[in-house]
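> Please read through the structure below; I'll follow up with questions.
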Amino acid sequence: MKKSALQRVRASYQPKLPKALQGPVKVKYGDATESVANQAEIKELFPHTYGMPVVEFVPDEAPERVEEPFNVGIILSGGQAPGGHNVVSGIFDGLKSLNKENRLYGFLMGPSGFINHQYMELTAGVIKEYRNTGGFDIIGSGRTKLEKPEQFDAGLKILKELDIKALVIIGGDDSNTNAAVLAEYYKNIGAEIQVIGVPKTIDGDLKNEWIETSFGFDTACKVYSEVIGNIQRDCNSAKKYYHFIKLMGRSASHIALECALETQPNICIISEEVQAKRMTLDNIVSYICYVISERAKLGWNFGTVLVPEGLIEFIPSVKSLISELNDVIEEHAEEISEVEELDKLNLIYGYLSPKNADLYKSLPKNIALQLSLDRDSHGNVQVSLIETESLLSTMVEKRLEEMAEAGEYVGTFKAQHHFFGYEGRCADPTNFDADYTYALGYNAAMLINSGLTGYMSSVRNLTDHTENWIPGGIPITMMMNMERRKGEMKPVIQKALVDLHGRPYLKFASMRETIALNTLYQYPGPIQYFGPAEVCDRPSMTLLLEHDKEIY
Ligand code: FBP
């Protein structure tokens, strides 16, 4: 396969490892842990893996042991995130540093490859082709939910056949929740299989005191910020469009917030704020129209509006509609599937309670239809398919017309729409993500070698030099609480939404009015791999602010 010039040069980048992982390690055990909430319930559900201590790796000056060879299997789960290939190379190099005989197997296309016994061995030759590259194409990824004992048993067969002693699941909050369930299951039946999780997702919502960020967030946000910056330059040159830019992030608004800090758009909606203030769709439209009309007074009929992908589910009234839609769609699935698109809307409308029915009817037809589409395997609305950016601009246009008629607005309004998501998920990882993922993988190999199970690979102190990063492991049960899923209370990893008291949000809120009513765009430019560290190695602004660092 012919490679691009950057691919050829980038292949030889050696990710930096924390000092603690540069030689043999030993485990430093912390105190016993508790789950973040619902301690009694979680303890009962995870009798073998609850309460385990946080662990940290420290250099082992004179190790006497000779490590026995062992085999490891990996699964890439869910949406792609930059750096996945470096997790794989990190695990591989970590395993080989312990014993050259150790072997690594990759299950193909996500959890389904594990259940259906589709796999390949990941040798040095295979891995060499993927170092420092984006994507998950080395073995593919998938969204099959690994949750049933039959699936665990089917997987166990192939693990035994390949003499695998540990499985690494590289995934988001749902996949890591499943990793914890699997670890407990194997421990309970005495299967002697360890399960380790690695925190992945561009959404940035798998984080807490111990997991400072999920991998891929840094790179994805930098790709989107580059393009938003380019759009802003275009917008400020032609001065004729409002660009409505929807940004990925299934639920939380971390990506939109990070991009807002990086690019200083005129408007960025934060879903968590909308929810906290119990804002309606109408309130959001009013705010956008206020900014547009104020800018028009200055003669500026252009601007940028960032819209988080998950917004729709955070507007309380729409959330209640979606929740009822979920039930209606499940209950009347057959009947709904048999009718044409427009009849579908009428049919569903008839099953809704009066308040939700009114809102459903008031939505543009394409949006109502998008809200009524099939759910994903986790029962979630597929928000990436809902055109929230065009919903908002349509409503804004209508409102501006009314305002113009009432003499409250004089200006022109023309909208352009964009959705940035898939563009950033497979970008070559930034130096930060390349180093972080390699360290997470290498560290996972050490967790396995230490005999641990039900842990998430953790590398902390990420705003310091890579040398000073702190590797270790966090019991997954520690991050769990009970939540209602598909009508049942389930133990799940608590999702990290944007903290409205946190520094990233407060920083944005402090400059919101100024950047709305001025034109102070920032142009971050493309990701740089070679050059000064302040340009190439800077972590996300969210992470810097969360670590009490300054960003401008
Ligand atoms: P993960 O949580 O699995 O990492 O995926 C995140 C994400 O990129 C979301 O931002 C987006 O809503 C979703 O995946 C899109 O899913 P799909 O890849 O199935 O279209």
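Where a number appears in this text, it was derived from the coordinates with a stated rule and is not lab data. Just so it is clear, the model here is predicted, and its values are computed rather than measured. Here the Cβ is made from the backbone with ideal geometry for all residues, glycine too, and neighbour counts use every protein chain on show.
> Please list 223-234, 442-453 highest first by mean number of surrounding beta-carbon atoms within 10 Å per residue.
Result, highest mean Cβ count within 10 Å first: 442-453, 223-234.
> Sticking with the crude label model, points 7 Å out along Cα→Cβ, report the distance from GLU335 to ALA406 in nm, one decimal please.
Placing both labels 7 Å beyond Cα along the Cβ direction yields 4.1 nm.
> In nm, what is the difference between 0.36 nm times the number of residues separating ALA32 and ARG233 and their Cα-Cα distance?
Details: separation 201, 0.36 × 201 = 72.36 nm, distance 5.28 nm.
Here the segment from ALA32 to ARG233 would lengthen by 67.1 nm.
> Where the only charges are on Cβ atoms (+1 Lys, Arg; -1 Asp, Glu), what is the dipole of the chain about its Cα centre, to the nearest 20 debye?
1180
> Okay, moving on. Under unit Cβ charges (Lys, Arg +1; Asp, Glu -1), what dipole magnitude, rounded to 20 debye, does region 213-271 have relative to its Cα centre?
With Lys and Arg at +1 and Asp and Glu at -1, about 260 debye.
> Which value at 222 nm does the chain reach when only helices count, each DSSP H run of 4 or more adding -39,500 (n - 2.57), with the total divided by all residues and rounded to the nearest 500 deg cm²/dmol?
-13000 deg cm²/dmol
> In whole percent, what relative contact order does region 78-207 give with Cα contacts below 8 Å and a gap of six or more residues?
Relative CO of region 78-207 lands at 26 percent.
> On to the next question. Would you please classify the overall shape of region 244-326 from the alpha carbon gyration tensor, given that a ≥ b ≥ c denote the square roots of the eigenvalues, rounded means a/c under 1.5, and beyond that prolate means a/b larger than b/c while oblate covers the rest?
Verdict is oblate for region 244-326.
> Oh, and also: Run the quick spin-label model on ASP282 and GLU294: label points 7 Å from Cα toward the beta carbon, then report their separation in nm to one decimal.
Between ASP282 and GLU294, the label points sit 2.2 nm apart.
> Okay, moving on. Projected onto the charge dipole of the chain (+1 at Lys/Arg Cβ, -1 at Asp/Glu Cβ, origin at the Cα centre), which of SER458, ILE474, THR49 gives the Cα projection farthest towards the positive end?
Looking along the dipole axis, the top candidate is SER458.
> Using Cα pairs closer than 8 Å and at least 6 residues apart in sequence, work out the relative contact order for the chain, in percent.
On the way: 1134 pairs, mean separation 133.2, N = 552.
Relative CO of the chain lands at 24 percent.
> May I pose another question? Where a ≥ b ≥ c are the square roots of the eigenvalues of the C-alpha gyration tensor, would you call region 177-294 rounded, which needs a/c under 1.5, or, failing that, prolate if a/b is larger than b/c, or oblate?
Because a/c hits 1.5 or more and a/b exceeds b/c, region 177-294 counts as prolate.
> How would you classify region 279-406 from its alpha-carbon gyration tensor, with a ≥ b ≥ c the square roots of the eigenvalues: rounded for a/c under 1.5, else prolate if a/b is greater than b/c, otherwise oblate?
Because a/c hits 1.5 or more and a/b exceeds b/c, region 279-406 counts as prolate.
> Now for a different question. Under a point spin-label approximation (7 Å from Cα along Cα-to-Cβ), what is the LYS148-ASN518 distance to one decimal in nm?
It is 5.9 nm.
> Let me ask another. In straight Cα distance, which lysines are under 18 Å from LYS200, not counting same-chain residues fewer than 8 positions off?
List returned: LYS145, LYS222, LYS495.
> For ASN380 and LEU342, what is the calculated FRET efficiency with R₀ set at 25 Å and r taken between the beta-carbons, to the nearest 0.05?
E between ASN380 and LEU342, to the nearest 0.05, is 0.50.
> Name the long-range amide H neighbours of VAL25: under 5 Å, sequence gap of 5 or more, or other chain; modelled H, no Pro or chain starts.
So VAL25 has HN proximity to ASP60.
> In addition: Just to confirm my numbers, what's the Cα centroid distance between region 331-371 and region 423-438 in Å?
41
> If you don't mind, there's one more thing I want to ask. Antiparallel versus total DSSP beta bridges in the chain: what percent is that, nearest 5?
The answer is about 40 percent antiparallel.
> Taking 0.36 nm per intervening residue step and subtracting the Cα-Cα distance, what contour gain separates GLU423 from PHE530 on full extension?
36.3 nm
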